[in-house]
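Note sheet for the following structure.
The values are calculated or read from the model by the stated rules, or taken from the named source; none is laboratory data. Keep in mind that this is a model prediction, so the values were computed, not measured. For neighbour counting, all protein chains shown are included, and Cβ atoms are generated from backbone atoms with ideal geometry for every residue, glycine included.
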Amino acid sequence: MKILHVSAECYPAAKAGGLGDVVGALPKYLSQRGWSSAAVIPKYQLPWFQARQFELVYAGAFRLHNVYYPFAIEKELGDSLGFPLYVVNLPGKFDRPGIYGDATGWYNDNAERWVFFQQAILNWVLNMPEKPAILHCHDHHSGLIPFMVQHSLEYRAISHIPTVFTIHNGEYHGAFGWEKHVLLPAFEASASGLIDWEGAINPLASAIKCAWRVTTVSKTYLNELMEYSNGLEGLLRTEAAKCSGILNGIDADVWDPATDPYLPHHFEGNIDSYKLANKLALQQHFNADLDLPVFTFIGRLVREKGADLIPDLIARVLSEGLGVSFLILGTGEPHLHEALADLQWRFPRRCAVVLAYNEGVAHQLYAGSDFLLMPSRVEPCGLNQMYSMRYGTVPIVRSVGGLKDTVIDIGEPNLPGRGIRFDNFTLNDAALAIYRAHELYHNPSSLSEVRERIMAVDFSWESAAENYIDVYDNL
């Protein structure tokens, strides 16, 4: 292989957010362009893994202070994702029913889990007969690899391999105290500053310092991180010369309204009939008035996604008598679960909530809704708005990160509008966006024009893959 992607997630094997979608698609598109790529993730105790067969490709152990930790590298048989997927089998570390945690919260040994995961991979690479040309690391879970490759004595033989590091979500640094430095392999004492940030071992900061190239998942997000990244602003500005923003794509094979197996009605050329049929089919999941404009939120009900604004927003516009319905699909913070359940009781058939994550229902919502709401505080790239446009659903987004880069407001003069944007994270701005969408819905010719335009936008991985290939070529 030329490129080995190292990640905590890879759709459909293991997904908690957009990271999984990216790592589940990018290697396939790179391979199609001659850059043979593979991904490696932990072997979790999740349904996808239990339904697949794997073959052993390497068994070994890494040493920490005279203690050996055994691991195995296994490969999925059949390459069902369109590229080789390798998994790290680390007994006692990842054979659990969650990626980062379970119903009780985050796993309390996450620092150890991710450091061990990275060392297992480097030991495997060290013993490969033919080594990858580039190690492409994703988020803090693999953020110590660029440092260990260059400064750990055990991995000196592979220090020539270039590293690329992509920041998918700069909110999470993966930092842990220096008392846990014993988890790392022996490294040059003079290099300790490369993993330190503000008195802690910080994998995200270390990757920014040590990787040969750093990318973020949109140009606007890179600029935002230089202004606010939980203390790493100055570091990113210092390393700006090796940083670039590359907008994610979506897997056009998976997200195709003409063939999507999750959809009860496929797109066959007539947008209005396709949208109406899928809208009516939502009745099997949501008890709501679907004759009205339907506004949907899909995703994690957390502060980062702006979900704490949604209960007040729904209460305001429905109390004011606006003729719309809201459908919510997702899970997150308990107090938001309670607030949404209360709204469902106060506004029967105008607010319907499914507190779960269901991939099939999500696809049906993209096809059947009229508008998708994304009031995010932070959105490095965002994929939901791309999915919604691909399926003819008009996005309503806050002007941050990749949302700003992908959604042109329909009010912009002389530009091909794709949705509705609002700038400030306030109830007034979000409510105004809902009213603007309501007005668009009741202008059928304008709505049809916008739908036709957004379904024609090419958000596929082809152009994004070419941008990554430019990075690899330079290295």
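Conditions (1) touching a residue at least 60 places away in the same chain (Cβ under 8 Å); (2) surrounded by 14 or more Cβ atoms within 10 Å (Cβ to Cβ); (3) β-branched (Val, Ile, Thr), marked per residue:
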{"site": "TYR228", "(1), (2), (3)": "no, no, no"}
{"site": "LEU236", "(1), (2), (3)": "no, yes, no"}
{"site": "ALA240", "(1), (2), (3)": "no, no, no"}
{"site": "SER244", "(1), (2), (3)": "yes, yes, no"}
{"site": "ILE250", "(1), (2), (3)": "yes, yes, yes"}
Inter-residue pairs, beta-carbon under 7 Å, first in the same structural domain as ASP312 (by TED's automatic domain parsing) and touching a residue at least 12 places away in the same chain (Cβ under 8 Å) and in the stretch 430-449, second charged (D, E, K, R) and not in a helix (DSSP H, G or I), 6+ apart
TYR441/ASP370
Which one of these is over 21 Å from PRO375 (Cα atoms), among the small types (Gly, Ala, Ser) and crowded, with 16+ Cβ neighbours inside 10 Å: ALA315, ALA339, ALA307, ALA281?
ALA281
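Using the structure shown, decide if GLY193 is surrounded by fewer than 14 Cβ atoms within 10 Å (Cβ to Cβ), closer than 24 Å to ASN230 by Cα and outside the structural domain of GLY402 (by TED's automatic domain parsing).
Values: surrounded by fewer than 14 Cβ atoms within 10 Å (Cβ to Cβ): yes; closer than 24 Å to ASN230 by Cα: yes; outside the structural domain of GLY402 (by TED's automatic domain parsing): yes.
Answer is yes for this residue.
Mind checking which residues of the stretch 436-473 are closer than 19 Å to GLY382 by Cα, assigned to a helix (DSSP H, G or I) and of a type in the set (Gly, Ala, Ser)? Show your work before the answer.
Step one: filter the stretch 436-473 for residues closer than 19 Å to GLY382 by Cα, giving 454-465, 467-468.
When the remaining residues are screened for being assigned to a helix (DSSP H, G or I), the result is 454-456, 461-465, 467-468.
Listed by number, the residues that qualify are ALA456, SER463, ALA464, ALA465.
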Checked against (1) outside the structural domain of LEU282 (by TED's automatic domain parsing); (2) surrounded by fewer than 16 Cβ atoms within 10 Å (Cβ to Cβ), TYR468 satisfies every condition except (2)
Residue in the stretch 388-405 that is among the basic types (Lys, Arg) and closer than 30 Å to LEU4 by Cα present
yes
Reported set for the stretch 404-435 where residues are small (Gly, Ala, Ser) and not in a strand (DSSP E or B) is GLY411, GLY417, ALA430, ALA431, ALA433
Among the numbered criteria (1) of a type in the set (Gly, Ala, Ser); (2) surrounded by 19 or more Cβ atoms within 10 Å (Cβ to Cβ); (3) touching a Phe, Trp or Tyr at 6+ places or on another chain (Cβ under 8 Å); (4) in contact (Cβ under 8 Å) with a residue 60 or more places away in the chain, which one does GLY360 miss?
(2)
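Got a sec? Which strands (runs of 3 or more DSSP E) wholly within the stretch 303-386 have at least 2 residues that are within 14 Å of PHE286 (Cα to Cα)?
On the way: elements: 325-329, 351-354, 371-374.
Of the strands (runs of 3 or more DSSP E) lying wholly inside the stretch 303-386, those with at least 2 residues that are within 14 Å of PHE286 (Cα to Cα) span 325-329, 351-354.
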